[in-house]
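> The structure follows.
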Amino acid sequence: MSQAFTRIIYEKRDGVAWITLNNPERYNALEKEMRAELREALEDARRDDSIRAVVIRGSGKAFSAGGDIRAMLEWTPTVAMRELKELGTAFVIERIIREMPKPVIAMVHGYCLGGGFELAMSCDIVVASEDARFGSPEINIGLIPGSGGTQMLPRHVGEKKAKELIFTGDQITAREAAELGLVNRVVPPDKLEEAVEEILEKLKSKSPVALAAAKEAINASLELGLTHGIMYEAQVFSRLFSTKDQKEGARAFLEKRRPQWTGERAPPAGPRAGGRSPDAPLKEYSFITIENMLLGIPGARLIWSTTYWPPMSSEFLADLATEMADILERSLHGGLSRKDLGRAEDIVKPRTLKFWGHEVEIYDLSQPFGPQSVIWPTANGSPEFTMVRNHAYARARTVRICSSMHVGTHMDAPIHVEEGYPSIDQLPLDRMIGEGVIVSIPKREWEIITPEDLERARPEIQPGDIVVINTGWHRYYSDSARYFLFAPGLYKEGAEWLLRRGIKGLAQDTQATDHPLATVLVQGNMGQGNPPIMPWLADLYKKKTGRDVREDFPYWEPAHRILYTHGIWGIENAGGDIDKVTGKRALIAAFPIRWIGGDASMVRLVAMIEKK
């Protein structure tokens, strides 16, 4: 069976999905259309239960010579990030291959370079012909690998060899790649497909659920430490005892025959010794028993099966049901009864808060944090959340978060902008809490918070205060150009005023401590080699105001540097209940995590006011 594509050939035969990269005139360059079709084919193979394995190969004289360099001539940083995020192997294809519960084989001949090399490294098994050449030549066109090469290659060959290959852009032969562990087998060109078929026959003779479990556990070893990896393996191992294939494999071994794999879960157990035939009327039997309890293993769970019993009295059955229900309940709550637990609704009830005999009200001035949290335009993607353990399987929830700390309501450390200055863990705790003011300084698009604004603000800003500025911009908090690119903000003169006043800390309901036109969006890194991220903003500013942005904003992030290097911390993206406390003095607190060497930390910014 085959499906129609223009940049790949996709065939299904004998339980194998064959994906052929098919643009031989350009050595199968991974252009946008090819990546989209490759992704579609991989997702189809993953969903198709009849497919036992996947093979990726190239037509013509190459597996793939890499990315589409011609298209890259027109890329900007924003376009590059979008291309990788939407279709690139780093964000989508590599993940599909990694999470696919089926083996994926790279069948490599000729050039396997750049993105093609990264695609091959993503696969579970690599079989190469003797004429294959591998390498990461991106350095030769002023780039680095962009589809996972800097992360996958060191895991295969070690840090030093990976740096040599990436720094030099050198190509290596198939034999050298095999010696480094990048290739499983090297064969003559005319034996390449035969070698792949040989591996496929072996894979098809194995249990598909066991293969999927083995891949899952091995992949986890790349992310977990040894102790947690062994615990994870125990969960995966135990889970296989709920499958038909495990029972069939054990029986076939004992009966000295070939197993007949189905990939299905285990059926209900048969009648116990002395019991009646399952063909008898069901009403004669009770059939709720606990077949197996896997307790004491991380991620403990129950495996249930229906088992036929001889007829019993209704009283006995009632007692049995009660006992089983109690066992189940206790197994779900770590051995405790439900009555030993508190009520969830009581946990979230507001309680009276007192400090030294005074009753106070507490207000959250933070933006919510989650998968849709917005992040500054130069950051590499929104936070990623992975459910490591869930209640349905492990009776506990553990979520792994991959994120920059410059997301949501967060505090920057001095080291974020100046080398040699303190990191977030070195900031004194006494500076994180104290008396302060929440002041209203309403501002429109691109307006500056001036010294005059700060002087007029009420309540009056006093020495030692923590200052929270409400410009009204928190109402636009979203993944939008309006919030990030057109926000009002503080600049050099306002920061100098706050420094002279001797404040302790500053929080704003805007995108950064500095005005957006004084950041890398427009300024670049001021001669340090990095161009502006969004140079068109300077043109737009000129069109809207008739002025030159470099003349109006000649300094790069001056508020960050002036405040942070004098021990005045800055919090960005304040919000929450800020409008409820604006115009008031309060006890204000915001504690970052104790991240050694950290450049920032998400915080919970709160204000506490005595209850009248």
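> Which numbered condition trips up Ala128, out of (1) part of a strand (DSSP E or B); (2) among the hydrophobic types (A, V, I, L, M, F, W, C); (3) surrounded by fewer than 24 Cβ atoms within 10 Å (Cβ to Cβ)?
(3)
> Any idea which of (1) open to solvent by 10 Å² or more (accessible area, probe 1.4 Å); (2) at pLDDT 95 or above; (3) within 30 Å of Gly370 (Cα to Cα) is the one Glu496 doesn't satisfy?
(3)
> For Gln367, work out the one condition from (1) polar (S, T, N, Q); (2) closer than 30 Å to Asn219 by Cβ; (3) in a loop (DSSP other than H, G, I, E, B) it doesn't fulfil.
Of the numbered conditions (1) polar (S, T, N, Q); (2) closer than 30 Å to Asn219 by Cβ; (3) in a loop (DSSP other than H, G, I, E, B), the odd one out for Gln367 is (2).
> Can you spot a residue in region 422-430 that is more than 16 Å from Gly597 (Cα to Cα) and surrounded by 15 or more Cβ atoms within 10 Å (Cβ to Cβ)?
No, region 422-430 contains no residue that is more than 16 Å from Gly597 (Cα to Cα) and surrounded by 15 or more Cβ atoms within 10 Å (Cβ to Cβ).
> Scan region 328-343 and give yes if some residue there is modelled with pLDDT under 85, open to solvent by 50 Å² or more (accessible area, probe 1.4 Å), over 30 Å from Tyr476 (Cα atoms) and in contact with a Pro (Cβ under 7 Å, 6 or more places away or on another chain), otherwise no.
No, every residue in region 328-343 fails to be modelled with pLDDT under 85, open to solvent by 50 Å² or more (accessible area, probe 1.4 Å), over 30 Å from Tyr476 (Cα atoms) and in contact with a Pro (Cβ under 7 Å, 6 or more places away or on another chain).
> Sort out which residues of region 387-416 are within 26 Å of Val606 (Cα to Cα), aliphatic (A, V, I, L, M) and surrounded by fewer than 20 Cβ atoms within 10 Å (Cβ to Cβ), and write them in order of number.
Correct list: Val399, Ile401, Ile415.
> Next question. Go through (1) over 15 Å from Val104 (Cα atoms); (2) open to solvent by less than 50 Å² (accessible area, probe 1.4 Å); (3) among the β-branched types (Val, Ile, Thr); (4) assigned to a loop (DSSP other than H, G, I, E, B) for Ile51 and report which single condition fails.
With respect to (1) over 15 Å from Val104 (Cα atoms); (2) open to solvent by less than 50 Å² (accessible area, probe 1.4 Å); (3) among the β-branched types (Val, Ile, Thr); (4) assigned to a loop (DSSP other than H, G, I, E, B), Ile51 is out only on (1).
> Can you tell me which of (1) of a type in the set (S, T, N, Q); (2) at pLDDT 95 or above; (3) in contact with a Lys or Arg (Cβ under 6 Å, 6 or more places away or on another chain) is the one Thr398 doesn't meet?
(2)
> Next question. Which one of the conditions (1) crowded, with 17+ Cβ neighbours inside 10 Å; (2) touching a residue at least 60 places away in the same chain (Cβ under 8 Å) does Ala213 fail to meet, given that it meets all the rest?
Checking Ala213 against (1) crowded, with 17+ Cβ neighbours inside 10 Å; (2) touching a residue at least 60 places away in the same chain (Cβ under 8 Å), the one that fails is (2).
> From the list Leu200, Leu182, Leu224, which one is within 27 Å of Glu130 (Cα to Cα) and part of a loop (DSSP other than H, G, I, E, B)?
Checking each option against the conditions leaves just Leu182.
> Here is a follow-up. Among the numbered conditions (1) over 23 Å from Ile105 (Cα atoms); (2) not in a loop (DSSP other than H, G, I, E, B), tell me where Ala214 comes up short.
Every condition holds for Ala214 apart from (1).
> Now for a different question. Go through region 511-521 and give me each residue that's under 16 Å from Leu537 (Cβ atoms) and in contact with a helix residue (DSSP H, G or I) (Cβ under 7 Å, 6 or more places away or on another chain). Full working, then the answer.
We begin by selecting, within region 511-521, every residue under 16 Å from Leu537 (Cβ atoms); these are 511-512, 514-521.
Within region 511-521, Gln511, Asp514, Pro516, Leu517, Ala518, Leu521 qualify.
> Going through region 344-385 one residue at a time, which ones are open to solvent by 80 Å² or more (accessible area, probe 1.4 Å), of a type in the set (A, V, I, L, M, F, W, C) and within 30 Å of Ile533 (Cα to Cα)?
Phe369
> Among the residues of region 432-461, write down those that are under 40 Å from the mean Cα position of the chain (by Cα), open to solvent by 70 Å² or more (accessible area, probe 1.4 Å) and in contact (Cβ under 8 Å) with a residue 60 or more places away in the chain. Working first, answer last.
Within region 432-461, the subset under 40 Å from the mean Cα position of the chain (by Cα) is 432-450.
If we keep only those that are open to solvent by 70 Å² or more (accessible area, probe 1.4 Å) too, we end up with 435, 442, 444-445.
Glu435, the sole residue that qualifies.
> Being aliphatic (A, V, I, L, M), surrounded by fewer than 16 Cβ atoms within 10 Å (Cβ to Cβ) and touching a residue at least 24 places away in the same chain (Cβ under 8 Å): is that true of Leu200 here? If you could, list the steps in order and put the result at the bottom.
Values: aliphatic (A, V, I, L, M): yes; surrounded by fewer than 16 Cβ atoms within 10 Å (Cβ to Cβ): no; touching a residue at least 24 places away in the same chain (Cβ under 8 Å): yes.
Answer is no for this residue.
Here is a yes/no grid of residues against (1) part of a helix (DSSP H, G or I); (2) surrounded by 22 or more Cβ atoms within 10 Å (Cβ to Cβ):
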{"position": "Cys112", "(1), (2)": "no, yes"}
{"position": "Gly116", "(1), (2)": "yes, yes"}
{"position": "Met121", "(1), (2)": "yes, yes"}
{"position": "Ile139", "(1), (2)": "yes, no"}
{"position": "Leu143", "(1), (2)": "no, no"}
{"position": "Ser147", "(1), (2)": "no, yes"}
{"position": "Arg155", "(1), (2)": "yes, no"}
{"position": "Ala162", "(1), (2)": "yes, no"}
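> Something else about it: Where the second residue is open to solvent by 40 Å² or more (accessible area, probe 1.4 Å) and assigned to a loop (DSSP other than H, G, I, E, B) and the first is within 16 Å of Gly110 (Cβ to Cβ) and lies in region 124-141, which pairs have Cβ atoms under 7 Å and are six or more apart or on separate chains?
Val126/Asn184; Val127/Asn184; Ser129/Pro188; Glu130/Pro188; Gly135/Asp170
> Among the numbered criteria (1) open to solvent by 70 Å² or more (accessible area, probe 1.4 Å); (2) more than 28 Å from the chain's Cα centre (by Cα), which single criterion is violated by Trp18?
Every listed condition holds for Trp18 apart from (1).
The values are calculated or read from the model by the stated rules, or taken from the named source; none is laboratory data. Source: prediction; values computed, not measured. As a convention, Cβ positions derive from the backbone with ideal geometry for all residues, glycine included, and neighbour counts pool all protein chains shown. Areas reflect the complete protein model, heavy atoms only, side chains present, ligands, DNA and RNA absent. Shrake-Rupley method; radii C 1.70, N 1.55, O 1.52, S 1.80 Å.
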